[in-house]
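Colleague: Have a look at this one before I ask anything.
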C-alpha cells in the first residue's frame, strides 16, 4: 500500500470515520505522546498589561429631563382636576338636597293653593258677602259666529325673475319683523 499524506482535522471526515491506527500520527507510545511530538515542551508565559478603562462621566439625557418635567406637569394637572371634581361633586350633592327640599315645599304649597280655591266656598262668598246673583234667562246673550271664513287663491301671472323673487322674500321678512 502506498503511503499517503493524511491530514486529520477535527470535525472533517473524508471517506470513513474510522481511525487508521497504522498511521504514525495516531500511534501513541507508552506515555500518550505521539511520535512526532518533542520530548520536552517549553511553555512561554505572555504577560499583558491590564487594560485601563476610561472613566465615563455620569450625565442625564436632556430628553429624560424633559420627560420628567412633562410627567410632573401632568401629575399636577391631574391633582388639580381631582380637586375640582371633588368640589363640583360636593356642590352637586348640596344642590340635590336643596332640590329635594324645594320639591317638598312645592308639594305643600300646591296643596295649600288647591284648598284656597274651593269653588263652593267662592260661590258662597260671592252670593252672601258681595251680593252677586246668578244671571236670568233674559240676561244671557248668545253670539252668532256663523260667518264663513274666506280665502283667495292668487293665480300665477307668469314666471318672476330671480330679482323679483328675492325682493318678495325680503319684503316678507320685513313684514314678519315689522
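Colleague: Spin-label point model (7 Å from Cα, Cβ direction): what's the residue 169 to residue 136 distance in nm?
Modeller: The answer from the label model is 6.6 nm.
Colleague: Still on this structure, please answer the following. Roughly how large, in nm² to one decimal, is the mean projection of the convex hull of the alpha-carbon atoms in the stretch 98-178?
Modeller: The directionally averaged projection comes out at 15.3 nm².
Colleague: What's the ranking of 95-101, 142-148 by average number of surrounding C-beta atoms within 10 Å, highest first?
Modeller: 95-101, 142-148
Colleague: Under the classification rounded if a/c is under 1.5, otherwise prolate if a/b is larger than b/c and oblate if not, where does the stretch 45-95 fall, given a ≥ b ≥ c as square roots of the Cα gyration tensor eigenvalues?
Modeller: Cα axes put the stretch 45-95 in the prolate bin.
Colleague: State the three equivalent ellipsoid semi-axes of the stretch 43-178, derived from the C-alpha gyration tensor as the square roots of 5 times its eigenvalues, in descending order and whole Å.
Modeller: Square roots of five times the eigenvalues give 90, 44, 12 Å.
Computed from the coordinates by the stated procedures, all read-outs in this text should not be read as laboratory data. Predicted model, so just to flag it, every value in this text is computed and none were measured. Glycine gets a Cβ as well: all are built from the backbone with ideal geometry, and neighbour counts include every protein chain shown.
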